[in-house]
Amino acid sequence: MNILVTGGAGFIGSNFIKYMLQNKDCNIVNLDLLTYAGNIKNLEGLSENKRYTYIKGDILNRGLLDYIFRTFEIQIVVNFAAESHVDRSIEDPEIFLKTNVMGTQALLDTAKDYWKLNLADKYSKEFEKGVKFIQVSTDEVYGSLGPSGYFTEETCLAPNSPYSATKASADMMVRAYYETYGLPVCITRCSNNYGPYQFPEKLIPLMINNALKGLSLPVYGDGKQVRDWLYVEDHCSAISAVIEKGKSGEVYNIGGNNEKENIEIVKLILDKLGKEHSLITHVKDRLGHDRRYSIDNTKINKELGWSPSYNFEEGMEKTITWYLENVEWMEDIVSGEYMRYYNKMYDGR
Ligand code: NAD
Ligand code: TYD
């Protein structure tokens, strides 16, 4: 199985590459532009692995995509490459459109042309050949829930942030390539991931870093917004199940069955690190802030036999331990461009 992973130097992509190399018989090509969010150190130890190739480049570079498909005879695409942070999308939406929408379309076109030309008469039997385009999407495309209810795959798309609007747009293009050209696709929509190697612009690593340094912990608004937290390794095993058993043209929601209010998480981090709750500072709320996300996992559970294996306590224990043991990884990030970002977003908020 020859897999092209895009965005594999980011948080989820790097965890996924390691998970697959450890657990599955596959060759992986990782195409990543190394934006601010990409970090080659997330993949340390893999450079000698003969089943792994890293290529620095842009998913918008069609010439490069064509070269990669032909050279490595790509059968599976897992598209993680994206601009992924809601707050940045509020500041500057344009790069989100370029990467998340146009980039996905460039990948779709390349897969369509390569698979059609090279698998010709087998094209209609794509699953026997194990050919599949997996679009890693998000539950944020469904918008915001009230205090009850869950997102199912039938929930209407109603994205509220520039980020989620571009992810929903990409999903629509993926669907169109299935309906129009018969491209074998699956779309996965997961909830908030957490775990090792997450960039500290996101809630959990940002709060761990600030708590360790005795800095204030900036909670947006009342902190009662709810997310459904998924340990990253569970997300990796879910995508692996979709590669193996997912049906073409289908959407699969992936959630952690772990609904938590932001404020609960922040307090848990402070308690685990032995720090005072007085470090919590409520700051101005995010514009258009979604109140609650929650995933109904029934479809992926029934059809692919997947369910999350970590509960929140275990996942947080592993996550906090990882950050404590990898202070250098965090320091490399926060000593650079990151502080300019942090000051811009949080000073005087
Ligand atoms: P991330 O920001 O940590 O990593 C994104 C990676 O994509 C980086 O390595 C970056 O260098 C790369 N990249 C960006 N633009 C690129 C381009 N034009 N060409 C090639 N590479 C490029 O993101 P993440 O948290 O690992 O998320 C991965 C995917 O999962 C995204 O598509 C995101 O929308 C989705 N997702 C994430 C979460 C979450 O909680 N993190 C939840 C739901 C869905
Ligand atoms: P985030 O990790 O950015 O993920 P998403 O916006 O994709 O859900 O944020 C998770 C929640 O935490 C969200 O409700 C916003 C909130 N949050 C804060 O309260 N303070 C912060 O500094 C950050 C980064 C997020």
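Brief remarks on what is shown
- Pairs, first under 10 Å from L287 (Cβ atoms) in region 78-91, second among the acidic types (D, E) and in a helix (DSSP H, G or I), C-beta under 8 Å, six or more apart: V86/E140
- The residue list E325, E303 contains one member that is more than 27 Å from V283 (Cα to Cα), touching a helix residue (DSSP H, G or I) at 6+ places or on another chain (Cβ under 9 Å) and either crowded, with 17+ Cβ neighbours inside 10 Å or modelled with pLDDT of 95 or more (or both), which is E303.
- For region 214-257, the tally of residues that are in contact with a strand residue (DSSP E or B) (Cβ under 6 Å, 6 or more places away or on another chain), more than 10 Å from ligand 2 (Cβ to nearest atom), closer than 14 Å to F312 by Cα and part of a loop (DSSP other than H, G, I, E, B) stands at 2.
- Contacts under 9 angstrom Cβ, first residue in region 225-239 being within 13 Å of Y252 (Cα to Cα) and touching a residue at least 12 places away in the same chain (Cβ under 8 Å), partner among the aromatic types (F, W, Y) and open to solvent by less than 10 Å² (accessible area, probe 1.4 Å), 6 or more apart: H235/F16; A238/Y252; I239/F16
Every residue, every condition in (1) within 15 Å of ligand 1 (Cβ to nearest atom); (2) open to solvent by 10 Å² or more (accessible area, probe 1.4 Å); (3) among the acidic types (D, E), yes or no:
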site: Y220; (1), (2), (3): no, yes, no
site: G223; (1), (2), (3): no, no, no
site: V226; (1), (2), (3): yes, yes, no
site: H235; (1), (2), (3): yes, no, no
site: N253; (1), (2), (3): yes, no, no
site: N257; (1), (2), (3): no, yes, no
site: V266; (1), (2), (3): no, no, no
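- Scanning region 64-101 for residues that are among the polar types (S, T, N, Q) and more than 9 Å from Y163 (Cβ to Cβ) yields a total of 4.
- Considering Y150, Y163, the condition of being at negative phi, modelled with pLDDT of 95 or more and in contact with a Phe, Trp or Tyr (Cβ under 7 Å, 6 or more places away or on another chain) is satisfied by Y163 alone.
- Contact map, region 168-180: first residue open to solvent by 60 Å² or more (accessible area, probe 1.4 Å), second residue not in a helix (DSSP H, G or I), Cβ cut-off under 6 Å, separation 6 or more or different chains; pairs are Y178/V185; Y178/G249.
- Taking the numbered list (1) within 8 Å of ligand 1 (Cβ to nearest atom); (2) open to solvent by 60 Å² or more (accessible area, probe 1.4 Å); (3) part of a strand (DSSP E or B) in turn, L60 passes all entries but (3).
- Members of region 14-33 found to be within 10 Å of ligand 1 (Cβ to nearest atom) and either in contact with a strand residue (DSSP E or B) (Cβ under 6 Å, 6 or more places away or on another chain) or over 19 Å from I95 (Cβ atoms) (or both), listed by number: S14, N15, F16, N30, L31
- Filtered residues of region 308-349 (kept if free of Cβ contacts under 8 Å to residues at least 60 places away in the same chain and within 30 Å of V242 (Cα to Cα)): N311, E313, E317, T321
- For region 1-13, the candidate set comprises residues that are within 8 Å of ligand 1 (Cβ to nearest atom) and outside any loop (DSSP other than H, G, I, E, B); within that set, the residue that is nearest to A81 (Cα to Cα) is T6.
- Yes/no for V141 being in a helix (DSSP H, G or I), closer than 21 Å to N262 by Cβ and modelled with pLDDT of 95 or more: yes
- Top-ranked residue in region 181-212 [being aromatic (F, W, Y) and open to solvent by 30 Å² or more (accessible area, probe 1.4 Å); ranked as farthest from ligand 1 (Cβ to nearest atom)]: Y181
- All positions within region 27-45 that are more than 18 Å from D332 (Cβ to Cβ) and without any contact (Cβ under 8 Å) to a residue 40 or more places away in the chain: I28, N30
- Flag if M1 is touching a helix residue (DSSP H, G or I) at 6+ places or on another chain (Cβ under 9 Å), at pLDDT below 95 and more than 16 Å from ligand 2 (Cβ to nearest atom): yes
- All positions within region 270-286 that are within 23 Å of N160 (Cβ to Cβ) and surrounded by 13 or more Cβ atoms within 10 Å (Cβ to Cβ): H282, V283, D285, R286
The values are calculated or read from the model by the stated rules, or taken from the named source; none is laboratory data. Bear in mind that the values here come from a model prediction, so they are computed numbers and not experimental data. Every residue, glycine among them, receives a Cβ derived from its backbone with ideal geometry; neighbour counts consider all protein chains shown. In case anyone asks, the SASA skips ligands and DNA or RNA and just uses the protein heavy atoms, side chains included. Shrake-Rupley method; radii C 1.70, N 1.55, O 1.52, S 1.80 Å.
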